[in-house]
1. Looking at region 24-43 only, could you name the residues that are in contact with a Gly (Cβ under 8 Å, 6 or more places away or on another chain) and more than 8 Å from ligand 1 (Cβ to nearest atom)?
2. Scan Leu29, Leu112 and give me the residue that is farther than 20 Å from Gly153 by Cβ, under 18 Å from the mean Cα position of the chain (by Cα) and touching a residue at least 12 places away in the same chain (Cβ under 8 Å).
3. How many of the residues in region 189-210 are out of contact with any Lys or Arg (no Cβ under 9 Å at 6 or more places or on another chain) and either within 19 Å of Met157 (Cα to Cα) or in a helix (DSSP H, G or I) (or both)?
4. Suppose the filter is loosely packed, with under 14 Cβ neighbours inside 10 Å and out of contact with any helix residue (DSSP H, G or I) (no Cβ under 8 Å at 6 or more places or on another chain); does Gly55 pass it?
5. I'd like the full set of residues that are more than 16 Å from ligand 1 (Cβ to nearest atom) and surrounded by fewer than 19 Cβ atoms within 10 Å (Cβ to Cβ), limited to region 130-148.
6. Give the residue, chosen from Phe116, Phe96, Phe129, that is at pLDDT below 95, closer than 23 Å to Arg19 by Cα and not polar (S, T, N, Q).
7. How many of the residues in region 32-54 are within 16 Å of ligand 2 (Cβ to nearest atom) and either free of Cβ contacts under 8 Å to residues at least 24 places away in the same chain or in the same structural domain as Glu109 (by the TED database) (or both)?
Amino acid sequence: MKYKALVIDVDGTITHIDRKLSLAAAAKLRSLDIPVVIATGNVLCYAKAVAKLVGVCCNIIAENGGVIIDGFDNEPIVSDVIHECEDAYEFLSSEFEMEKLDSGYRKTEIVLRNNFDIEKAREVLGTRFPNVEIIDTHFAIHIKSKKINKGTGLLKMAELMGLETTDFVAIGDSVNDLEMLQEAGFAVAVGNADDFLKDIADYVSKASYGNGTVEAIDYLQSSSLI
Ligand SMILES: O=C(O)COP(=O)(O)O
Ligand SMILES: [Mg+2]
């Protein structure tokens, strides 16, 4: 066994296209005897439920690295980065009809329904908020700090777990997984992943969504990598 832990995205990676949980992926993750860290752009309470129900509780990177816990009842570590995201949102909302998602729960970023022109929004924002970026995960649009991502989240989590980031296999599907896959020792992109993620991955599954995760874990096990 080469890698000591696995860090895995949620939407598009352990789900089907419609965000329903892939039961096959959940069963596969639950069967592993190495720690499994959930890493998602979703809010912490959502991620905690995912981790608990999948059965991999509870080292969690939520809000794209902005919020981290290393135990279900432990106090979250919350990055202080929301203010600039709020300022950018206020600035944009005078020009775009935007619908906030989960705003009552989010601590570190602003998330919006994917129903406006993101390219235009990036143009309008220009260089006004140099520490803020807008990303599209195909599930939602995030106005987030450039200072945090799932890669910085993995660095912190590895430290909390007494591991190196290179001890991890990372599995993901989208732009918000890029830094995490770059940081990990072994990177997996599922079949539905964006091309730029597939380009940097060590393994690209033929199957998509949750079935891609099952295929990748089968490969890692049969190659004695985990
Ligand atoms: O929050 C999103 O937009 C996508 O969530 P994910 O990181 O679990 O894929
Ligand atoms: Mg995803």
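1. Within region 24-43, Ala24, Ala25, Ala26, Leu29, Arg30 meet the criteria.
2. So the residue among Leu29, Leu112 that is farther than 20 Å from Gly153 by Cβ, under 18 Å from the mean Cα position of the chain (by Cα) and touching a residue at least 12 places away in the same chain (Cβ under 8 Å) is Leu112.
3. Qualifying residue count, region 189-210: 7.
4. no
5. Pro130, Asn131, Lys146, Lys147
6. Phe116
7. So the answer is 1.
The values are calculated or read from the model by the stated rules, or taken from the named source; none is laboratory data. Everything quoted here is computed from the prediction, not taken from an experiment. Quick reminder, even Gly has a Cβ in these numbers, built from the backbone with ideal geometry, and neighbours come from all protein chains shown.
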